1. Does Ser26 qualify as being modelled with pLDDT of 85 or more, among the polar types (S, T, N, Q) and either touching a Pro at 6+ places or on another chain (Cβ under 9 Å) or surrounded by 10 or more Cβ atoms within 10 Å (Cβ to Cβ) (or both)?
2. Report, by residue number, each residue of segment 36-65 that is at pLDDT below 75 and either part of a helix (DSSP H, G or I) or closer than 30 Å to Leu85 by Cα (or both).
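The values are calculated or read from the model by the stated rules, or taken from the named source; none is laboratory data. Everything numeric here is computed off the predicted structure, so don't read it as measured data. Glycine also receives a Cβ, built like all others from the backbone with ideal geometry; neighbour counts cover every protein chain displayed.
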Amino acid sequence: MPGLVRGVARTAVIAGTATAVSNRVSRRQAGRWAEQEQAQAYQQQQQQPPPQQYAPPPPPPAAPAEDDMIAKLEQLGSLHDKGILTDEEFAAQKAKILNG
């Protein structure tokens, strides 16, 4: 019987040691996986552009039609002053420009 108890005790020690080693290996592997996941998350975070905290400025407004109208009127006046347009032609073209 003492040999049987010794054999059972020996098996228990071996099984306990194997379990302890297995648990340690599992914890170590889990730690490595966690580190890899953290590293990958950090890399992905670094690759993403930072979130904008404000709206981009609106595009500049288009040149108003008023500037274009003034330029046309100035050109029309110049043609009238040079005698290229008669008073009637000048008045008709001016009305056309002003009325859109």
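1. In short, no.
2. If the condition is that a residue be at pLDDT below 75 and either part of a helix (DSSP H, G or I) or closer than 30 Å to Leu85 by Cα (or both), then Ala63, Pro64, Ala65 are the ones that fit.
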